[in-house]
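The values are calculated or read from the model by the stated rules, or taken from the named source; none is laboratory data. Just so we're clear, the structure is a prediction, and the values are computed from it rather than from any experiment. Reconstructed Cβ throughout: ideal geometry from the backbone, glycine too, with neighbour counts over all protein chains shown. Just so you know, the surface numbers come from the protein's heavy atoms only, side chains and all, with ligands and any DNA or RNA stripped out. Shrake-Rupley method; radii C 1.70, N 1.55, O 1.52, S 1.80 Å.
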Amino acid sequence: MDVIERYIVTQTQRLVLTLVGFLIVIFASYSAQRYLTEAANGTLSLGVVLDIVFYKVLISLEMLIPVGLYVAVGVALGQLYNDSEITAMHAAGASPISIYKAVLWLAIPFGIGVMLLSLYARPWAYGQIYQLEQRSQSEMNVNHLIANKFNVNDDGRMVVASTVDAANNVLTDALIYTSSDNKSHIYRARKVTVLGTQSSSPSVLLHTGTSYVLDHRGWGDQEMRYQDQHLHLKAIQPTTLMKRKSASITTLSRSTAPADIAERQWRESRGLNTILMTLLAISLSRIKPRQGRFTTLLPLTLVFTLIFYGGNLCRTLVANSAFPVIPGVWFLSLLMLAGVVILMARDFSLWQKFLR
């Protein structure tokens with residue numbers, strides 16, 4: 001690495017770390033606000049919320065790192081163009097290849113890191129989140145239940161009680177509502193003792209109350225009074241999307257389902273797309289001297305929007321069998337590669353004219 005390449009790397013990496021750190025703080029704050037709302041509603045406990053926010057941030061790194069690197073390269077090189085430093089480098093005999101080599105010194109390690117995050121860290125983090133949410137919402141853990149409040153989980157089960165005794169796992173003057181495809185069940189009890197708190201088989205013992213079965217078809221409603229009734233609650237089952245996002249790359253590689261292929265291609269292409277997107281930022285950063293370092297933000301934003309929505313569109317089309325799996329999600333990478341080649345050819349053509 002020569003002096004010019006080292007200078008460009010130094011100017012860019014500072015901005016990368018600043019932008020990525022800022023984006024992580026913003027995303028973590030947003031995620032915390034979202035899940036703290038669920039904790040306030042009694043859906044999740046505070047400890048679970050903190051764990052989920054950590055895993056969410058880990059998942060987001062596969063997006064935040066490429067964005068931070070892409071913007072940092074565009075703005076840093078834009079500053080060098082704005083101050084005529086790039087012009088001075090060319091006048092000293094430096095070719096555009098020096099700029100591309102300097103950017104690749106950063107892009108390749110970051111691209112490898114993003115690829116590893118996407119292939120391994122992301123599905124692992126999704127699996128941890130789903131386990132935490134399922135355990136917290138399936139089990140009758142009274143620690144996150146709030147008295148005199150409707151505590152509702154994602155499966156539609158609702159629990160409300162006048163008092164909550166977390167130490168003894170007891171609810172008083174409680175109402176439990178559950179729903180299935182054709183029936184709704186309502187249980188009213190003076191006292192509820194939580195027996196099984198495991199997510200696989202949550203169960204409670206109802207003391208002195210009434211149960212109602214409401215048939216959604218309008219007939220077959222039932223009412224029953226009881227002194228003691230043992231109730232087994234339904235555990236939350238993971239959805240297909242939940243299983244796919246948390247599936248390992250090995251599992252996805254053995255699957256022939258279009259949705260699984262789309263997910264696998266999406267993960268595999270993240271590292272390469274990071275590098276290609278960063279190389280695109282080199283040409284997009286070209287501005288005239290004294291135009292302002294942030295002049296590059298508009299073209300950078302437009303191109304990123306096309307890449308972001310184009311990637312999601314390709315993945316959706318492949319998953320729905322509306323686009324062939326070959327090239328599949330890699331189609332966007334091919335378009336980006338073509339764009340990089342065209343812009344590099346333009347940069348070297350302009351440099352040849354500069355030498356004349």
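Structure notes:
- Here is the figure for the range 13-42: residues that are among the hydroxyl-bearing types (S, T, Y) and open to solvent by 60 Å² or more (accessible area, probe 1.4 Å) total 4.
- Of the listed requirements (1) at pLDDT 85 or above; (2) outside any strand (DSSP E or B); (3) among the hydrophobic types (A, V, I, L, M, F, W, C), W219 misses just one: (1).
- Single residue of the range 77-125 satisfying the filter (within 30 Å of S253 (Cβ to Cβ) and among the aromatic types (F, W, Y)) that is least open to solvent (accessible area, probe 1.4 Å): F110
Quick grid of which residues meet (1) more than 24 Å from the chain's Cα centre (by Cα); (2) at pLDDT 90 or above:
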| site | (1), (2) |
| --- | --- |
| K234 | yes, no |
| M242 | no, no |
| R267 | no, yes |
| S283 | yes, no |
| R293 | yes, no |
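- Any hit, the range 307-319, residues being in a helix (DSSP H, G or I), β-branched (V, I, T) and open to solvent by less than 60 Å² (accessible area, probe 1.4 Å): yes
- Per this entry, V170 is counted among residues that are modelled with pLDDT under 90 and open to solvent by less than 30 Å² (accessible area, probe 1.4 Å).
- The single residue among I52, I65, I59, I8 that is surrounded by 16 or more Cβ atoms within 10 Å (Cβ to Cβ), farther than 30 Å from V340 by Cβ and not hydroxyl-bearing (S, T, Y) turns out to be I52.
- Those helices (runs of 4 or more DSSP H) lying entirely in the range 11-119 with at least 3 residues small (G, A, S) and at pLDDT 90 or above: 46-82, 96-116
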